[in-house]
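What follows is one structure encoded as structure tokens, with my remarks underneath.
The values are calculated or read from the model by the stated rules, or taken from the named source; none is laboratory data. All values reported here derive from a predicted model rather than from experimental measurement. Note: ideal-geometry Cβ built from the backbone for every residue, glycine included; neighbour counts use all protein chains shown. All accessible areas refer to the heavy atoms of the entire protein, side chains included, with ligands and DNA or RNA removed. Shrake-Rupley method; radii C 1.70, N 1.55, O 1.52, S 1.80 Å.
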Amino acid sequence: MTPLIVNDQIEPWGRVFRVSQRISTPCFLADARAALLDCGQSVLPIGAARSYGDVCINRDGTLLRTTTLDRLIEADWSAGIIRAEAGLTLDHLLQVIVPKGWFLPVTPGTKFVTLGGAVANDVHGKNHETAGTIGCFVRRIGLARSSGETLELSETSNAELFQATIGGLGLTGLILWVELALKQIGSSDIEVETLEIVDLDHFFRLAEGSGDWEHTVAWVDCLAKGRNLGRGLFMRGRHRPHGVLRIHRDSHLAVPLDAPSWLLTASTVRLFNSVYRYRPWAKGRRIVHYDPFFYPLDSLLGWNKLYGRRGFFQHQSVVPMQAAVGAMQRLLTLTGEYQQGSFLVVLKLFGKRKSPGLLSFPMAGATLALDLPNRGDSTRRLLQAMTDAAVDAGGRVYPAKDATMPAEAFRLGYPNWKTLETLRDPKVMSDFWRRVTQ
Ligand SMILES: Cc1cc2nc3c(=O)[nH]c(=O)nc-3n(C[C@H](O)[C@H](O)[C@H](O)COP(=O)(O)OP(=O)(O)OC[C@H]3O[C@@H](n4cnc5c(N)ncnc54)[C@H](O)[C@@H]3O)c2cc1C
């Protein structure tokens, strides 16, 4: 049965775009396949719309929302392999797998994304240096195309489409289900060490010397200047080998309203950064549950409203290792110069493990991610300058977080885009793809 198509508002996580468009929300895989055939000339499958910009918008067409396709299809608990519908969120998947001694092999900084969305952006986590992206753990994908075909994709079967679908931004068709290899754990607790970083060189020394720790990430005070540039906190963690297997609790704390614009000025960010950096109780070694370690922001539902009604942008770029020190200096200097930093600035190294994904974002090097409240033209100028700095250093910007990257920067950063275009399902389109390729 073809599901109803209704007009509804879609608002990706950054809230810069608010689009009223046709949305179909099928409940069963068969309905989803029918919807792909029936819902007009142009369609885009989406998950939970936790991407920041326009990769999950299709203004001129229909969105095929997959959040009600959320069943676990099968599981082999001895080998740690699950097959699940694409709309299952990592939140719900964790509730099933953790008590059985398994964990996500790779997880982004929020658990409220769907499996299909995670694969289509080939997400990375704090363990990229040791594990690579989620695409490295995808064994098979069920893909529906608007031609009416349903294909099974793997490294050996429809291999070209398999590679194009991992990190393929939803453009190769509708991911119906994903088969994923999990990571075995002996405990749901994480041993964490938090160290102070005095400057950028110190960050690189700590990150390169943390080989015994599976997960590493740094928070940086983006308004620090001169010899303090890059100061912040370095966090590293690893699952405890033994212990209890406890799932996370639901969050009940929510931001009720859009915050006023004065909440996030350079002065309030400076104040937050000082307090956050000096917290003595946060430093040293501790044992924490996986939830606050991997998903600290999920404890405050709707935290994106803290940026006010105009929303916010995120810049995330990666640059190759040989250019990393200079490029990170340049990017952090730019945020200081424009006085537009925020309290959420994350610095991390990516490792050498290559994803099968054709358009995967990570490369061996350093990545910086920061939120920028939307202040109109001045914020767009800063984003442009940061994109230029990353691309000049041989790097690229992450489509999942992007809302402004010019076509040229995309094409330089992702030379394989033309191959994806040839494999794209002719009926599938997104605002992002239109913006960077047409
Ligand atoms: C707080 C926060 C922290 C984050 N941290 C990280 C991080 O650490 N690392 C990281 O890599 N990302 C991170 N992200 C980004 C997020 O993980 C990705 O944007 C993810 O893809 C969102 O999944 P979604 O289900 O919301 O998909 P959507 O945003 O709805 O869609 C994302 C893309 O997937 C496609 N898609 C979705 N479902 C399907 C399907 N069934 N078939 C085909 N295509 C589909 C869409 O067309 C779109 O191109 C973070 C986001 C937030 C809000």
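Annotations for the structure displayed:
- Compared with the alpha-carbon gap, the fully stretched path from W281 to E160 is longer by 38.6 nm at 0.36 nm per residue.
- Against the compact-protein benchmark of 2.2 N^0.38 Å, the Cα-based radius of gyration of the stretch 177-292 scales to 1.32.
- Given K183/K427; K283/K401; K348/K401; K126/K427, the pairs whose alpha carbons are separated by over 25 Å: K183/K427; K283/K401; K126/K427
- Cα gyration tensor shape of the stretch 285-403, rounded if a/c is under 1.5, else prolate or oblate by comparing a/b with b/c: oblate
- If you sort T150, T333, T110 by accessible surface, 1.4 Å probe, largest first, the order is T150, T333, T110.
- For the stretch 153-236, the dipole from Cβ point charges (+1 on Lys and Arg, -1 on Asp and Glu) about the Cα centre works out to 340 debye, to the nearest 20.
- Note on the chain: helix-only mean residue ellipticity at 222 nm, from DSSP H runs of 4+ residues weighted -39500 (n - 2.57) and normalised by residue number, equals -7500 deg cm²/dmol.
- Largest accessible area first, the residues E193, E421 order themselves as E421, E193 under a 1.4 Å probe with ligands, DNA and RNA left out.
- Most mobile of A131, A30, A84 in a GNM of the chain (Cα contacts under 10 Å): A30
- Judged by the mean number of other Cβ atoms found within 10 Å, the most tightly packed of the peptides 91-97, 412-418 leads the ranking 91-97, 412-418.
- Taking only the C-alpha atoms of the stretch 226-343, the Rg (one decimal) and the largest Cα-Cα distance, Dmax (whole number), read 17.5, 48 Å.
- The stretch 98-257: C-alpha gyration tensor shape, a/c 1.5 cut-off, then a/b vs b/c: prolate
- Over all distinct Cα-Cα pairs of the chain, the Kirkwood formula returns a hydrodynamic radius of 22.0 Å.
- Nitroxide proxy distance, nm - points 7 Å out along Cα→Cβ at K100 and K352: 3.5 nm
- Taking all protein chains together and a 1.4 Å probe, the residues K427, K354 rank K354, K427 from largest to smallest accessible area.
- Solvent-accessible area of V275 with every protein chain in place, 1.4 Å probe, in Å² to the nearest 10: 90 Å²
- Measuring only protein heavy atoms, the 1.4 Å probe finds R434 accessible over about 50 Å².
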